[in-house]
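Enquirer: There's a structure below that I have some questions on.
The values are calculated or read from the model by the stated rules, or taken from the named source; none is laboratory data. Every value quoted in this text rests on a predicted model; they were computed, and no experiment measured them. Areas reflect the complete protein model, heavy atoms only, side chains present, ligands, DNA and RNA absent. Shrake-Rupley method; radii C 1.70, N 1.55, O 1.52, S 1.80 Å.
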Amino acid sequence: MVERRTAGLPATIVAGGIIGAVAAVLAISLAALVFGGGYLADFIADGISLYLGGAVLTLAILAWRGGSRGVVGGLQPAAAAVLAIVAATTAVTAFGSIERAFLTVVAATLVVTILSGAAFLALGAFRSANLLRFVPVPVVGGFIAGTGWLLLKSGIYVSSDESPYLTPIADLFHGELLKLWVPAFAFGMILLVATRLVKSPLVIPVVLAIGLVLFAIGVVVTGSSIASARSGHWLLLGPFDSFETWQPWTFRALGGADWSAVLAQWAGILTAVFVAVIAILFNISGTEVVLNRDLDTNEELRNAGVLNVVSGALGGIPGYHALSLTALAERMNVEARVAGLIAATVPLAAVVFGASVIELIPRMIVGGVLVFLGLAFLVEWVWDKRKVLPPVEYGVVLVIVAAIIARGFLPGVVLGLVLAVVLFAVNYGRIELVREVAFGETYHSNVDRPPAERARLRSLGGAVQILRVNGFLFFGSANGLLERIRKRVEAGRLRFLVIDLRRVTGVDSSAVVAFVKVIGLAQAHGFELVLTGVSEPVRKQLARGGVSEGELVRFEPDLDRGLQRCEEELLRDEGAATRQADLDGDALAGMPAGLRTYLERVELPEGAVVIRQDETPDDVFVVESGRLSVEMVTADGTRMRLRTVQAGVVVGEVAMYTGVHRTADVAAETPSVVLKLSSSAIDRIEAEDPELAGALHRWLAGILSERLRDTLREFDALLD
């Protein structure tokens, strides 16, 4: 791999300064979102200092731990939007002074961020990041779009200097408030349009700079002073002492917060953590696209976990991989580690030295940034995804967003989780977990039978239904299995239903009920249920539900033996047993005339070995009576049954033609008689009777081709 050449130190300093400025503005905007209204307005400066400190830690720690891979971190608005709801409710319910309400919000922030870090660490340590992939994309999209709505609404309220929980939406359309939030909304729209039209990571800092310049020009042109702009609610906050902007509020919160009010918000706190976990996985995936390289998701989660535990202890909000800032460093071709560390100095300088600058930031810029973030989420999932997602999944996104708008974020999350379960059940139920293969012509047991019996079994193919099931059987897939069986039963002629469960990992109670219903169908329609390859846990679960071996239900160790049982019963029903003596006495039926004089009749007691694995092939055998078993010994010493050979069947012809060593043992299962055709006898036939030799080889070739045809049909059926 060729190492990428990066730009020099001057370009890295510029990139770091831009990244730091954007991160600082975002930190201020999110602090205004959480602390900017209602009871907490007097502590907005302290909230800003905490979030700027969080930005410092996020940039510095991720630069140190992930900068070598190109990762740049930043505070994340998705979790902050939910945290703002938790903070507002906590502040209202906290008992005591306004300062105690502020400390209680700081305590809630600490809990959310540290819990998020702990969740990241746990997922990364146990390499369980893929667990969250089971949340359907439309449900995640609904959460993110709902977060966008919260950010959009919060941006409007922040720019109006009103609390979203105390001021009705209708009041925002009165003249005084309208003139405050409309410029912020317009600025957010301009940011959104600019980022969608101009594909450059510099577009956000450039538009922010232009907005600040235009606001300053507007103040000068209108002849307004700083004091009048502040009194008119155009500036974010009043003057404050720069040396008191950061204080150890989290340590004070440990003893001064109303922890009962924090604990009362457990549902909102868990929701914020859940959103943070989902969002970080999306951001890590997006970072891989931006950097055009694969990242170890579990390592990235561990890094983010360390960051959030440290940041949360000092009052920061959840932070992790920032796509826009990572893209900025990548496009400017700078070393992300150095740029991230330089960027961390910008919010740090704002905390230590920049109070006089922070207090001049216009509300329309802060509110506009929140509006932009909210619109970006909404447009992506409500507008852009309308042509990407299937109609049903797109409808799920809209339903969740509508629920969040109408009832709040927590009810929307509950609805989303319910829809996730429904989507999982529906989509998993659509997966073809059941494969049906045709009996007789295509699929049969490993018992080699004479042509007459094979022909009879082919004619009875409709009497057996073979279903091979995979995966976990639950209420969705079990219902599909039951409907398939029901349709087959209604078609008639069913004598055996064979269900192979060898690849089934488990069954739930609904699946057991489905099997009970199948037994009811068997009793009503007169067929037998044969279950094969059932693992012990699955068999115990079936037994607890009432599915056990009996007159209508048979358990067989594998599909081969299950089909053998069906074949023997079908042949017995057809009266084949009464003609077995005729078959035994006519084993040479179909063989070339004149071959009998070259055959040697050999009687075998039970267990006698006819062919040994790995020996040199010499002879071909025809079973005149009895039954032979073909078995192979594997490398680990396990003996495996390959097939059973009955009267009228030829064995050993493949090795004779190919010349390779025997691949299996052939032994007598019962006392048997075989007719041996030795290689020396074949040589005599070829020398003495060329016409008989030709007939012999055509007969053996026909047997080989029929076996090959059966094998190919079976193989195609399994692949279907």
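Enquirer: With every protein chain left in place, what is the accessible area per residue of the chain in square angstrom, probe 1.4 Å?
Expert: Dividing the accessible area of the chain by its residue count gives 44 Å².
Enquirer: For the chain, what does the helix formula give at 222 nm: sum of -39500 (n - 2.57) over DSSP H segments with n ≥ 4, over the residue count, nearest 500 deg cm²/dmol? Before the final figure, lay out the partial values.
Expert: Details: 27 runs with 426 residues, N = 720.
Calculated from helices alone, the mean residue ellipticity at 222 nm is -19500 deg cm²/dmol.
Enquirer: List the residues, sorted by chain then number, that are 5 or more residues from E624 or on another chain and whose placed amide H is less than 5 Å from its amide H.
Expert: G648, V673, V674, L675
Enquirer: Can I ask one more? Checking the table K179/K387; K199/K385; K385/K487; K179/K385; K387/K487 against a 29 Å threshold on Cα-Cα, which pairs fail? Spell out each step's value before the answer.
Expert: On the way: K179/K387 36 Å; K199/K385 19 Å; K385/K487 39 Å; K179/K385 33 Å; K387/K487 37 Å.
Long pairs (Cα-Cα over 29 Å): K179/K387; K385/K487; K179/K385; K387/K487.
Enquirer: Hey, what D do you get for the range 459-553 in µm²/s if you plug the Kirkwood alpha-carbon radius into Stokes-Einstein at 25 °C and 0.890 mPa s?
Expert: Translational D for this selection: 185 µm²/s.
Enquirer: When the chain is fully extended, how far beyond the present Cα-Cα distance does R493 get from S510, taking 0.36 nm per residue of separation? Mind showing how you got there, number by number?
Expert: Numbers: separation 17, 0.36 × 17 = 6.12 nm, distance 2.78 nm.
Stretched fully, the R493-S510 segment lengthens by 3.3 nm.
Enquirer: Another question, then. Sequence-distant or interchain residues sharing an amide H contact under 5 Å with Y320, placed H: which?
Expert: Distant-sequence amide H within range of Y320: G74, Q76.
Enquirer: If you don't mind, another one. Taking all protein chains in place and a 1.4 Å probe, what share, in percent, of the accessible surface of the chain do carbon and sulfur account for? Write out the running numbers ahead of the final one.
Expert: Numbers: 19660 of 32030 Å².
Answer for the chain: carbon and sulfur cover 61 percent of the accessible area.
Enquirer: Put one equal scatterer on each alpha carbon of the chain, apply the Debye formula with no solvent term, and list log10 I(q)/I(0) at q = 0.06, 0.10, 0.11 1/Å to two decimals.
Expert: These q points yield log10 I(q)/I(0) values of -0.57, -0.93, -1.05.
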